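The values are calculated or read from the model by the stated rules, or taken from the named source; none is laboratory data. A quick note: this is a predicted structure, and the numbers were derived from the prediction, not measured. Ideal geometry is used to build each Cβ from the backbone, glycine not excepted, and the neighbour counts take in all protein chains shown.
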Amino acid sequence: MMPFRTTKMLLWLAVFLSAVALCAYAGLWFLFSRERARIESAAVSLTVLRHTRENDETLKRLLSETAEKRARAYALFVERDGAVAFLKELERTAAAAGAKLSIVQVGAREGKAASGASARGGLQTLVVAAEARGSFAHVLRFLYLVERFPRPLTLSRVSLSQGETGEWSGVFELEVLKIQ
């Protein structure tokens, strides 16, 4: 009976050691899988970081290469806080033409331009109503100079009239794009 008991004990010992080995293998496999996932996550993060740095460097290079062109493009529009400077530019132009300018009203146009592609592009239409006084030649010269401004603007209404004293008065409304 002794040999049977030893064989039984050896069988249980073998089963126990196999179970311990299987548990150890499962535990090590789980730890290895977790570490592998962390390494893959770190590798993906490093790749994303490298691409981000490359994009930043490309963007910086592009910004430096296009600085002059962007400055010329921005000069086409009235700056965000540049409405006063634009109005002073109009007054200087009137003085250079020999006319006296008075600004009647300044506002933003509501309507299709405000809700269209201009608004989506960060632009709004600035509407300026003004009156220029002087001789006929001076008022026309002023309008000529305004049409030749370095930024696109539209004279939407122009009305010329001669007063009793012989002085001409030009009332006009112009529209220019302004950065919002």
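Residue 25 meets each of the listed conditions (1) at pLDDT 95 or above; (2) surrounded by fewer than 10 Cβ atoms within 10 Å (Cβ to Cβ) apart from (2). Within segment 129-156, being in contact (Cβ under 8 Å) with a residue 24 or more places away in the chain and of a type in the set (Val, Ile, Thr) holds for 139, 146.
Filtered by the rule that a residue be small (Gly, Ala, Ser) and buried (at least 19 other Cβ atoms within 10 Å of the Cβ), segment 127-180 gives 130, 132, 134, 170. Considering (1) under 22 Å from residue 101 (Cβ atoms); (2) hydrophobic (A, V, I, L, M, F, W, C); (3) at pLDDT 85 or above, the lone condition that residue 62 does not fulfil carries the number (1). For the subset of segment 67-107 comprising residues that are in a strand (DSSP E or B) and at pLDDT 85 or above, which member is farthest from the chain's Cα centre (by Cα)? Ranking the candidates gives 100 first.
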